[in-house]
Amino acid sequence: MILTVSTKPYADQKPGTSGLRKKVPVFQQENYAENFIQAIFDSLEGFEGQTLVIGGDGRYYNREVIQVALKMAAANGFGKVMVGKGGILSTPAASHVIRKYHAFGGIVLSASHNPGGPTEDFGIKYNIGNGGPAPEKITDAIFDRTRNIDSYKIADVADIDLDTVGSFDLAGMTVEVIDPVTDYADLMETLFDFPAIRSLISGGFRVVIDSMSAVTGPYAVEILEKRLGAPAGSVRNEVPLPDFGHHHPDPNLVHAKELYDDVMSADGPDFGAASDGDGDRNMVVGKGMFVTPSDSLAMIAANATCAPGYRQGIAGIARSMPTSAAADRVAEKLGIGMYETPTGWKFFGNLMDAGKVTVCGEESFGTGSDHVREKDGLWAVLFWLNIVAARKQSVKEIVEAHWAEYGRNYYSRHDYEGVDTDNANALVTALRAKLGSLPGTTINGLVVSAADDFAYHDPIDHSVSKNQGIRILFEGGSRIVFRLSGTGTSGATLRLYVERYEPDASRHGIETQAALADLIAAAEEVAEIKRYTGMNEPTVIT
Ligand code: G6P
Ligand code: ZN
């Protein structure tokens with residue numbers, strides 16, 4: 001029943017910021033997914049007889065690859081696979097299931113916030129036993145293996161019925177099809193004050209969640225409508241679709257604009273939230289106030305003890321380098337550790353495992369805590385609802401009070417998508433060459449205090465990650481950061497991150513782009529973005 005199939009390596013299976021992501025037709029090439037899955041197994045040791053978790057965000061090609069992964073797990077010697085019904089598990093739910101059932105690891109099929117469909121994106125990511133994304137040591141080993149792989153193992157058996165909860169035998173391995181929602185919803189109920197949120201909602205506070213036709217629909221319906229009593233229909237676009245209804249399932253001001261406009265309208269809801277394709281990202285909008293992801297991290301940290309799961313306080317905070325320093329001020333005030341890591345949730349895992357940090361966040365609409373080892377969209381939404389319920393204030397009031405207390409970090413990210421890869425690399429190379437000579441000089445009237453290419457020294461395993469983003473810091477605490485995205489599937493995306501700290505509360509009401517205009521002009525002056533990208537404007541501003 002177990003076949004060893006010979007195969008030829010593909011040269012392009014290097015995992016990016018978050019696993020291997022390619023267009024569906026790339027994955028449909030002969031043995032493409034099989035090679036990568038076998039390379040994962042070949043890079044691991046000691047899983048004989050152990051449990052593997054498999055799930056995905058339900059996008060196009062999810063079911064096909066799940067069947068392949070199940071048969072390969074059996075052939076490679078796993079004792080059991082736990083798989084979400086319908087092949088569904090949100091990324092944070094997969095992380096939780098891995099931890100709760102002490103699985104050896106998990107395979108998550110997702111391309112996160114990227115579009116889905118026959119010609120859109122697909123992805124495969126491996127998570128380790130702590131529930132978090134595999135660290136670079138493992139993803140590097142996987143990549144090495146893909147370059148010389150010559151065979152893979154697969155059980156030659158019929159497909160498993162993924163739509164019936166229960167236990168099945170697959171070539172001697174047990175397949176347990178589980179309800180994807182229950183374990184996760186139960187966990188949320190232990191962390192947050194559900195009775196307080198329920199009475200907030202029954203008291204007339206109107207909450208809307210846009211699941212963007214992606215994986216969080218069933219989770220949000222169970223939690224918001226069933227367990228918290230919000231009226232039916234409070235979760236919009238709640239049915240996961242293989243092509244996300246042709247939308248870009250990315251919760252930001254561009255792709256979730258309808259929700260934003262609705263919350264901002266006079267008779268719209270009091271609170272709106274959205275999540276991405278695989279449920280790990282979040283966007284939070286209160287009436288009259290969009291909460292930036294960087295601010296969200298700082299404000300969740302500052303108000304953490306409102307939530308029962310965090311009543312005892314938080315151990316520390318971590319953020320990715322391009323994320324604003326708003327959280328740093330909270331850590332300082334609380335007298336707890338603050339860690340600055342490269343972009344990518346995988347860098348938080350060691351810090352959480354070592355008990356150094358409790359909450360983590362990234363500017364890319366990611367927030368989470370050590371309850372799992374992934375960022376968690378619905379967790380962030382529930383945290384905000386818990387804070388609103390506990391403080392009996394609106395989101396707007398909470399945000400403004402925070403700024404008044406800590407100062408405001410004006411922050412924006414400008415993306416230039418679909419840039420020619422050579423041109424994007426040339427921009428970065430030219431900038432890198434200038435770094436040494438910048439300190440002390442003036443760019444658009446701003447004095448450079450320091451400039452470098454961020455390198456991270458992991459304090460736990462002492463690994464070093466270099467070239468993680470170019471930072472130019474100015475006197476007074478403003479900064480611009482440049483990096484190339486590691487999650488795209490075609491061409492290059494240049495990201496420019498711009499930040500200014502404003503302590504003066506009388507200056508907290510300025511429109512963000514206006515508050516950052518001189519820094520944005522400085523970025524153009526130093527990096528010649530228009531010339532290198534051939535674009536006059538960013539494609540997305542968040
Ligand atoms: C994914 C990762 C995040 C990362 C984000 C942006 O969501 O899980 O950790 O911050 O992508 O990454 P990028 O390399 O595209 O800027
Ligand atoms: Zn995601």
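The values are calculated or read from the model by the stated rules, or taken from the named source; none is laboratory data. All figures in this text were calculated on a predicted structure; none of them were measured in a lab. FYI the Cβ positions are ideal-geometry reconstructions off the backbone, even for glycines, and counts take in every protein chain you see.
Assess whether residue 147 counts as being surrounded by fewer than 22 Cβ atoms within 10 Å (Cβ to Cβ), modelled with pLDDT of 95 or more and of a type outside the set (Phe, Trp, Tyr). Yes, satisfied.
Residue by residue, here is whether (1) of a type in the set (Phe, Trp, Tyr); (2) outside any strand (DSSP E or B); (3) more than 12 Å from residue 215 (Cα to Cα) holds:
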| residue | (1), (2), (3) |
| --- | --- |
| 41 | yes, yes, yes |
| 67 | no, yes, yes |
| 72 | no, yes, yes |
| 84 | no, no, no |
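On the given criteria, is residue 289 out of contact with any Gly (no Cβ under 6 Å at 6 or more places or on another chain) and within 16 Å of ligand 2 (Cβ to nearest atom)? No: the conditions fail for residue 289. So in the stretch 347-391, with the set limited to residues that are of a type in the set (Lys, Arg) and either under 15 Å from residue 291 (Cα atoms) or surrounded by fewer than 24 Cβ atoms within 10 Å (Cβ to Cβ) (or both), which one is farthest from ligand 2 (Cβ to nearest atom)? This residue is 391.
When residue 470 is tested against (1) crowded, with 16+ Cβ neighbours inside 10 Å; (2) among the β-branched types (Val, Ile, Thr); (3) farther than 24 Å from residue 135 by Cβ; (4) in contact with an Asp or Glu (Cβ under 8 Å, 6 or more places away or on another chain), only condition (3) is not met. Applying the condition of being over 23 Å from residue 501 (Cβ atoms) and assigned to a loop (DSSP other than H, G, I, E, B) to the stretch 383-442 and asking which residue is modelled with the lowest pLDDT yields 420. When the stretch 500-542 is filtered for residues that are of a type in the set (A, V, I, L, M, F, W, C), farther than 15 Å from residue 444 by Cα and touching a helix residue (DSSP H, G or I) at 6+ places or on another chain (Cβ under 6 Å), only 505 remains. Every test in (1) surrounded by 20 or more Cβ atoms within 10 Å (Cβ to Cβ); (2) more than 16 Å from ligand 1 (Cβ to nearest atom) is passed by residue 242 save one, and that test is (1). Residues in the stretch 333-369 that are closer than 20 Å to residue 311 by Cβ, outside any strand (DSSP E or B) and either in contact (Cβ under 8 Å) with a residue 24 or more places away in the chain or within 15 Å of ligand 1 (Cβ to nearest atom) (or both): 333, 334, 352, 355, 356, 357, 358. Residues that are within 16 Å of ligand 2 (Cβ to nearest atom) and either assigned to a loop (DSSP other than H, G, I, E, B) or outside the structural domain of residue 213 (by TED's automatic domain parsing) (or both) within the stretch 269-286 comprise 276, 277, 278, 279, 280, listed in sequence order.
Residues checked against (1) surrounded by fewer than 14 Cβ atoms within 10 Å (Cβ to Cβ); (2) within 20 Å of residue 103 (Cβ to Cβ):
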| position | (1), (2) |
| --- | --- |
| 164 | yes, no |
| 171 | no, yes |
| 176 | no, yes |
| 189 | no, no |
| 198 | no, no |
| 201 | no, no |
| 215 | no, yes |
| 253 | no, no |
| 256 | no, no |
